[in-house]
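Have a look at the structure below before the remarks.
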Amino acid sequence: MESNSNTHLSFLLIIITTILSSLIDSAIACDMFKGNWVLDRSYPLYNESTCPFLEKEFNCINNGRPDRWYLKYRWQPHGCHLSRFDGQNFLEKLRGKTIMFVGDSLSRNQWLSMLCMIHSSVPTANYAVNISLIQDMTTYTFTDYKLKVTYHHNLYLVDTVKRRFGRVLNLDTVTAGKYWLGVDYLVFNTWHWWNRRGASQPFDYIQDGGRIYKDIDRVVAFGKAIVTWGRWVDDNVVKNKTKVFFQGISPSHYNGTDWGEPKAKSCSGQKLPLLTSTYPGASLPALATLKKSLKTVKKPVTLLDITNLSQLRKDGHPSAYGLGALDCSHWCLAGVPDTWNVLLYNLMF
């Protein structure tokens, strides 16, 4: 009897060990950026009409967008579960801290989404706003928790300086870093302005090392800038004080051929996402360059790799329901940036 009992016990231990091993392997193997969009009627995570922070250019419903299905999709990774954003938990865990979004208007898209998500969870939370025109920075402080949620508008991360012969984009210097020192959570982004040309281009020359060029390959320039930014991270970020994230490359949808609809001239009229796991169009060269450049950074930097999952959301842009012009670059709020923040939330703690 005792031998039989020991056999059963051994068998049970083997089963338990196998299950635990499988769960550990699954957790390690799970990539939260690989998955697909699923219909979830509990979405969106907030009502845009009650968010006091939302700006007109992202408030698609208020601007007349008639369809609503784009609000009802949740990102589901393969093989793991994402915790739902809990604003109360977020406020408690970041009590007395600062989270700063640094970058172009795609960073503002994500920053406003975060503010709306917090407000939806804790609508009674008191807040104060501070706007610095000199620093090009806006901070909302949730006063009961002493939590600061900041947006620093910065197009390239590296410097644009005025010289006697014109404006120079310097790929080798990051003077704006003085505003990022001591911040607890930094979320960086740059890319959308790197291909600007003509009147909207805010520089006349590009400086790389000791040489100044009228122009160089913009993807190459972007990669060099990320390496420079990475040196700033290595030189200034205190490892156990600050967590650094990079938002990744947010895609645009101006050509339906990219997603298998050659008749679609743009994101205009798109009401549903692609429900596959992989975007059928070409990969973005900037993403490969970003990943390569991030490997040069010695301090920990977490890539918020939102490119593929956002490429699948051809339906998520303001289109004609932004500031007037066709916008297939930014995102409606509520919408896709909420998922970026759900992923950020799952990576922060």
Out of Ser250, Ser268, sole residue that is polar (S, T, N, Q) and in contact with a helix residue (DSSP H, G or I) (Cβ under 6 Å, 6 or more places away or on another chain): Ser250
Among the candidates Ala334, Ala282, residue that is touching a helix residue (DSSP H, G or I) at 6+ places or on another chain (Cβ under 9 Å), modelled with pLDDT under 95 and more than 19 Å from Trp193 (Cα to Cα): Ala282
Strands (runs of 3 or more DSSP E) contained in the stretch 173-275 and holding at least 2 residues more than 28 Å from Leu309 (Cβ to Cβ): 205-208, 211-213
In the stretch 293-310, residue surrounded by the most Cβ atoms within 10 Å (Cβ to Cβ) [restricted to those that are closer than 19 Å to Thr228 by Cα and polar (S, T, N, Q)]: Ser293
Residue check, Lys314 part of a loop (DSSP other than H, G, I, E, B), of a type outside the set (Val, Ile, Thr) and at pLDDT below 95: no
Of all residues making up the stretch 233-288, the number that are out of contact with any Ser or Thr (no Cβ under 9 Å at 6 or more places or on another chain), surrounded by 12 or more Cβ atoms within 10 Å (Cβ to Cβ), without any contact (Cβ under 8 Å) to a residue 40 or more places away in the chain and closer than 30 Å to Thr175 by Cα: 1
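The values are calculated or read from the model by the stated rules, or taken from the named source; none is laboratory data. Computed from a predicted structure; not experimentally measured. Virtual Cβ from ideal backbone geometry, glycine too; neighbours counted across all protein chains shown.
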